[in-house]
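Supplied in structure tokens, the structure appears directly below.
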Amino acid sequence: MAASEKKLKVAIMGAKGYPYVYGGYDTLIKELGERLVKRGVHVLVYNHRSLFKNRPQFVNGIECIYTPAIESKSLTQVTHTFFSMIHACFSDADVIFVVNSGNGPFGLISKVFGKPTAINVDGLEWLRPKWKGLGSKYFFWASKLATKFYDQLINDSDEMRRVYLELFNADSKVIAYGANPRESVDSRPIERWNLKSHSYYLIVARLVPDNNADLIIEGFLKSDSKRKLVILGDVPFEDKWANRLMNIKDERLLFTGYVTDPNELAALYSHSYAYFHGHEFGGTNPAMLKALGYGCAILALNTPFSQEMLQKGKHGWFFEKTAESVKSIIEKAEAAPEKMEEFRLIARSGLTQKYNWEHVTDQYLEVFESLARK
């Protein structure tokens, strides 16, 4: 093969791996990686070794490298990326793509080796309640270093671009996450939980403080709604805060834990009376994209990120960060079934071109090819 025909080789790291899907970064790597392979790119994904019992070298055309980590709640992710970065710098990858601003310092390694890099820095990690004290300081410092050591900074929303400009005087390219909309979703899967279409409100979130499930539950229980509140999510470790929520005894609350079956997930979204979005810190949120793609009426915490995604109220209503505000918005939604139906009907039109996975892939490919040429 002539040198000009050599395949572009992109190494991707910073998430749990492929085809493991747990959060937004894993989804990005799956959707982007598979599409890049179809476009003739050699994609290497660094997998967190301990999560994979079976370790095939290739999955759906993506080459998987299984690197270790120091297994602890605070060190797993960063040490996994550290080992992956060392490996990638000794490989023949043309470009290294890293996700998560916590991996900011490791750009120094690739700089020493002269490897072109891009990093998707995503949300305001240093503000999240789970990173108190040193953790918060680390994420702020790491995010700042990401702006110094990587060749291309990527944010997933205009609001996050503004934050990085303001805090770090660093510009970034905005590439959103994509969505996979589905029309007319069958309601039968929700019968597993004895639910009927539009008989419940829905939360889809990890049970961590910054997603505000506690606030939504408190406001919901104060309301006189006869519907249920279905909470889809959990935490992958023992956690007092999450346990306290799951131990609230009220027949209107239903905790499903994680739901991994795509048809059950689509049905739970699509047949909710309204979807509650309490996520506080971050850019384009994958759970919100699913809510739009599955045709939900959306009730969202009033943040600049939610305002951007819901086009300042065209695709949903906003509540403030108080239980009283949640109670009020439930009562407003209960009194306006025709407005909820209108939101459902226009939800998918909120998925503009920037949330299309093919368009997202075009933009990433452009970045990678440009970096490889340098």
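What follows is calculated from the coordinates using simple rules that are stated; it is not laboratory data. Just so it is clear, the model here is predicted, and its values are computed rather than measured. When we count neighbours, we look across all protein chains shown, and the Cβ atoms used for this are built from the backbone with ideal geometry, even at glycine.
Say a paramagnetic label sat at a point 7 Å from the Cα of L51, along Cα to Cβ; which residues of the stretch 6-20 have their backbone N under 14 Å from it?
Only 12-20 fall inside the zone, counting backbone N under 14 Å.
Also, quick follow-up: For the chain, what is the charge dipole size about the Cα centre, in debye to the nearest 20, if Lys and Arg each add +1 at the Cβ and Asp and Glu each add -1 at the Cβ? Mind showing how you got there, number by number?
Working: 48 positive and 43 negative charges, 114 e Å.
The dipole magnitude comes to about 540 debye.
What angle do you read, to the nearest 10 degrees and between 0 and 90, between the alpha-carbon axis of helix 337-346 and the longest principal axis of the chain?
The answer is roughly 20 degrees.
For the stretch 10-74 and the stretch 227-305, what is the separation of their C-alpha centers, rounded to whole Å?
Between the Cα centre of the stretch 10-74 and that of the stretch 227-305, the gap is 25 Å.
Where in the stretch 187-221 does the label zone of E334 land, with the point 7 angstrom along Cα→C-beta and an amide N cut-off under 17 Å?
198-202, 216-221
Could you sort 106-115, 171-180 so that the peptide with the highest average Cβ count within 10 Å comes first and the rest follow in order? Please list the in-between numbers first.
On the way: 106-115: 17.7, 171-180: 20.2.
Answer by packing, highest mean first, reads 171-180, 106-115.
In what sequence, highest mean first, do 138-151, 277-290, 326-339 appear when ranked by Cβ atoms within 10 angstrom?
Values: 138-151: 20.1, 277-290: 23.1, 326-339: 16.0.
Put in order of decreasing packing, that is 277-290, 138-151, 326-339.
At a 10 angstrom cut-off on C-beta neighbours, averaged per residue, how do the peptides 52-64, 352-364 rank from highest to lowest?
On the way: 52-64: 12.8, 352-364: 16.0.
Result, highest mean Cβ count within 10 Å first: 352-364, 52-64.
Further question: State the antiparallel share, in %, of DSSP beta bridges confined to the chain, rounding to the nearest 5. Walk me through the numbers on the way to the answer.
Details: 2 of 43 bridges.
Taking every DSSP beta bridge within the chain, about 5 percent pair in antiparallel fashion.
When the helices in the chain are scored as -39500 (n - 2.57) per DSSP H run of 4 or longer and the sum is shared across all residues, what 222 nm value do you end up with, to the nearest 500 deg cm²/dmol?
-11500 deg cm²/dmol
What would the Debye equation give as log₁₀ I(q)/I(0) for the chain at q = 0.10, 0.11, 0.12 Å⁻¹, counting only Cα atoms as equal point scatterers?
-0.65, -0.78, -0.93
Next up: What is the sum of charges around K222, taking Lys and Arg as +1, Asp and Glu as -1, for the other residues whose C-beta is under 12 Å from the C-beta of K222? Don't skip to the end; give the middle numbers.
Working: positive: R252, K327; negative: E218, D224, D250, E324, E331.
So the environment of K222 carries a net charge of -3.
Taking the simple approach of a point 7 Å from Cα along Cα-to-Cβ for both S72 and D250, what is their distance in nm?
About 3.9 nm separates the two model spin labels.
Label L167 and S136 with points 7 Å out from Cα along Cα→Cβ: what is the distance between them in nm?
Output for this residue pair reads 1.2 nm.
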